[in-house]
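Student: To start, I am sharing the structure in question, which I have written as structure tokens.
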């Protein structure tokens, strides 16, 4: 009996896939969620794992645990290699999975814009393993610097560059500067923390593109108060692991370049033979369906949809809302009812710079400083899955705020 | 001025090295602690990392953070390659470190007793990365089993063997069985948890060698109540990753063998040209000095010292007490005072089997069941470094106890 129910396959356990799955609970469908990882990652706090503030498991929640009680749910941990749209089969490393309806919610990967030197030597920040790599690397630079007698080499160990002035870059640079100036300062007595440079590079003429000008300036001043050097109109041409070179020929000797300057749709999106737009995103209809493929939906970062002449941004709220919407439309499709076009309910945007400092814009109002920071904290705490994670992250944040500490200063791989 | 003070070099940031360093705080010496990792590991709870109960950073505390306020302290993160006893130099990957006094506290490594098949295919449990590997492996076996149609292969995925009936083996087997029967049961609806086998193998005629007979039997019954199959007088001859073979020729098809059957002194101990005893431990005098090397002390698992005709066990309390004692004797040596022989103050031993079940013997009294379990919890909680770690582990234990949960069910490497 159950076998006869329509089979909805969802690729990707990010915000989009998660909310689509949840919306299908108790409905007359079978749901199979496929992801190469066994956990949902709360990406907005990934930079805090990279800067030793929280532990990976506090922002990574097992998919099976989330849907323990959802009876129509199955999970397949596997890498998806392609989709046979003709025969309606998802091709995975564990074999083929037939679907009646497909939701592609595969998310995004880092975009180095074809620059091989950056791809090889810069550190991305997209997955848990990236964040742990960054954490290990930053701490290792301090260990190396503490042993290095050559002043120039030492300075390269102690120069940390973040490329990209979007929210991720701003948050990473702010958190890195605080980790160094408030915490590591106490661990490395023989390193003069004043000599450490944290540099944020942005190719455009302002950071936080899309924010109101006043908030952009406010965020930049907050970064500078935290001793982050902000450089605008700075375009990176090359990075060989030792020296970063600008398009002007200027160089910065540095052993650390974090790359937060671009994302593109997951590579799977290029293997489907579907029409793609900017950043490899797949063009979809307002119903979130792929043109000519009424049973295939694409949502979140992997999807390209314009609203009022502008593409929807690659952010978590879009993915979340589209996940729910795709589920609703599939249920309508099954029931023979008309599908509804998606409308993004934009609640605003925000970025935190560090202790007591953030910027936010919502409902036409602007917030900055302590108030925005408080709102940021609450929203991100509530966004975590599981009461225990919220409690433990809250304890960690409180502790770090009071004692200028970071719990996870571990170099975990050798 | 400070440069003229005697230089004490301590190799290893385990219990022995840590307590030696602490005991030298504020004394007229310079202390350099060398370890290949940047953290002290609370090894007694490592099996809980392996069974998804706690996160690595809760039992791994940064060495520099521990000694932030100890002014005569330096830390060198490096692998030690040897010691030039003649020229009084420690040879590290980062160069030579001269010493006036040396404390070798390098600990132990896993002992496969020369069995190459086990060394290659069994999973040890000695370091954080071992524990994370075991956690990933166990969860992956469940993912594989959930996809496997062949019943025999599926059973091999769902058969978990632990070799070694000492405290680590007993605790691992108990925790593994609880993880599976209380927690994973809820995650994998399509796996019949009754078919899962957790087997504890012990080569001797009883588990927990050294404990009173009643507690050995009590622990065995407690394990069996938790559905662990305990097999005594069981000697493993070979394990190829698929099939475990006993010396009798009997086989168990299994994809998981955890190895807790033996330890030996760290490999560095074999490179010093010093006289060694059982398990590669270096023979020392009751003052903890190496015979003929009055400036070199060996402590903890790496040292061999008999008391009342029996070698001191390779356990944390011995290392802790010897660490303090070595520091005291070095200070006496510097002050031209007589050295004192070490005497182990044996407070007893304990092992936990799981929820509400443990065995302990102390001051000639025996404890078992809920009481012993409660004492075990308190002792291990207090043993953690840092108030925050204690608080968070306490919250995690309470949560897991109440809700039959484990927070860290992540497959973290691919």
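Every number in this text was worked out from the coordinates using simple rules, so none of it is lab data. Please read these numbers as outputs of a predicted model, since none were measured by experiment. Using ideal geometry, Cβ is built from the backbone for each residue, glycine included, and neighbour counts are taken over all protein chains shown.
Student: Grab the alpha carbons of segment B:1-126, take their convex hull, and tell me the volume per residue in Å³.
Tutor: In segment B:1-126, the Cα convex hull volume per residue is 126 Å³.
Student: Run the helix sum for the protein assembly as shown: -39,500 (n - 2.57) per DSSP H stretch of 4+ residues, divided by residue count, reported at 222 nm to the nearest 500 deg cm²/dmol.
Tutor: Taking each H run of at least 4 residues, the total per residue is -9500 deg cm²/dmol.
Student: Figure the gain on full extension for residue A:152 and residue A:186 (residue separation times 0.36 nm, minus the Cα-Cα span) and round it to one decimal in nm.
Tutor: 9.9 nm
Student: Which values of log₁₀ I(q)/I(0), to two decimal places, follow from the Debye formula for segment B:53-123 at q = 0.14 Å⁻¹ with a uniform point scatterer at every Cα?
Tutor: One equal scatterer on each Cα of segment B:53-123 leads to -0.76.
Student: Here's a follow-up. Just to be sure I understand: with springs between alpha-carbon atoms less than 10 Å apart, which residue in A:129, A:55, A:260 has the highest mean-square fluctuation in the Gaussian network model of chain A?
Tutor: Top of the fluctuation ranking is A:129.
Student: Moving to a separate point now. Can you give the angle from 0 to 90° between the axis of helix B:369-383 and the longest principal axis of chain B, with both taken from C-alpha atoms, to the nearest 10?
Tutor: Here the helix axis deviates by roughly 40 degrees.
Student: Which residues among segment B:122-159 fall inside the zone where the amide N is under 14 Å from a point 7 Å beyond the Cα of residue B:251, along Cα→Cβ?
Tutor: Only B:152-153, B:156 fall inside the zone, counting backbone N under 14 Å.
Student: Have a look at A:171, A:143, A:202 and tell me which one the Gaussian network model of chain A (Cα, springs below 10 Å) gives the largest fluctuation.
Tutor: Among A:171, A:143, A:202, the largest GNM mean-square fluctuation belongs to A:143.
Student: I've got another one for you. How far, in whole Å, is the nearest Cβ of chain B from the axis relating it by rotation to chain A, and which residue carries it?
Tutor: Minimum Cβ distance to the axis, with residue: B:55, 2.
Student: Let me ask another. If I model a spin label at residue A:81 and residue B:356 as a point 7 Å from the Cα along the Cα→Cβ vector, what separation in nanometres do I get?
Tutor: Each label point lies 7 Å from its Cα, and together they span 5.0 nm.
Student: A further question follows. Please arrange A:39, B:99 by counting, for each residue, the other beta carbons lying within 10 Å of its beta carbon, fewest first.
Tutor: Ascending number of Cβ neighbours within 10 Å: B:99, A:39.
Student: Of B:188, A:47, A:344, how do they rank once you tally other Cβ atoms within 10 Å and put the fewest first?
Tutor: So the residues, fewest neighbours to most, are A:344, B:188, A:47.
Student: Shifting gears a bit: Given the C-alpha centroids of segment B:85-107 and segment B:219-283, what is the distance between them in whole angstrom?
Tutor: 32 Å
Student: If you don't mind, there's one more thing I want to ask. Report, for chain B, the % of DSSP beta bridges that are antiparallel, rounded to 5.
Tutor: 50 percent
Student: Find every distance from the label point of residue A:81 to the corresponding label point in the other copies (7 Å from Cα along Cα→Cβ) and write them in nm, one decimal, shortest first.
Tutor: Relative to the other copies, residue A:81 has label-point distances of 4.4 nm.
Student: Quick check: convex hull of the Cα atoms in chain A, volume per residue, rounded to a whole Å³?
Tutor: With only Cα atoms used, chain A gives 147 Å³ per residue.
Student: On C-alpha positions alone, give me the angle between the axis of helix A:128-147 and the longest principal axis of chain A, in degrees, nearest 10.
Tutor: It is inclined by approximately 10 degrees.
Student: Round to the nearest 0.05 the FRET efficiency obtained for residue B:404 and residue A:381 when R0 = 30 Å and r is the Cβ-Cβ distance.
Tutor: For residue B:404 and residue A:381, the calculated efficiency is 0.75.
Student: If one puts a single equal scatterer on every Cα of the protein assembly as shown and applies the Debye formula without solvent, what log₁₀ I(q)/I(0) results at q = 0.09 Å⁻¹?
Tutor: -0.98
Student: If R₀ is 22 angstrom, what is the calculated FRET efficiency for the pair residue B:69 and residue B:129, using the beta carbon separation as r and rounding to 0.05?
Tutor: Using R0 = 22 Å, I get an efficiency of 0.15.
Student: With just the Cα atoms defining each centre, how far is segment B:144-196 from segment A:114-148? Give it in Å.
Tutor: Centre-to-centre distance over Cα atoms comes out at 37 Å.
Student: Any idea how far apart residue B:233 and residue B:5 come out in nm if each label point goes 7 Å out from Cα toward Cβ?
Tutor: 6.0 nm
Student: Using just the Cα positions, wrap segment B:295-393 in a convex hull and report its mean projected area in square nanometres, one decimal place.
Tutor: 8.7 nm²
Student: Taking each label point as 7 Å beyond Cα in the direction of the beta carbon, state the distances from residue B:378 to the same residue in the other copies, shortest first, in nm.
Tutor: Label-point separations across copies, in nm and ascending: 4.1.
Student: Which FRET efficiency value, to the nearest 0.05, is calculated for residue B:365 and residue A:193 with the Förster distance at 56 angstrom and r the Cβ-Cβ distance?
Tutor: 0.60
Student: Among A:85, A:184, rank each residue by its count of other Cβ atoms within 10 Å, from fewest to most, as a rough exposure measure.
Tutor: With the fewest neighbours first, A:85, A:184 line up as A:85, A:184.
Student: Pairing the Cα long axis of helix B:316-334 with the longest principal axis of chain B, what angle in degrees results, from 0 to 90 and rounded to the nearest 10?
Tutor: That works out to roughly 10 degrees.
Student: With all pairs of different alpha carbon atoms counted, what Kirkwood hydrodynamic radius in Å does segment A:188-304 show?
Tutor: With all distinct Cα pairs of segment A:188-304 included, I get 17.8 Å.
Student: In a GNM of chain A with a 10 Å cut-off on Cα contacts, which of A:126, A:36, A:324 has the highest mean-square fluctuation?
Tutor: Checking each option, the largest mean-square fluctuation is seen for A:36.
Student: Does segment A:110-190 come out rounded, prolate or oblate, given a ≥ b ≥ c as the square roots of the eigenvalues of its C-alpha gyration tensor, rounded meaning a/c under 1.5 and, failing that, prolate meaning a/b above b/c?
Tutor: Prolate, since a/c reaches 1.5 and a/b exceeds b/c.
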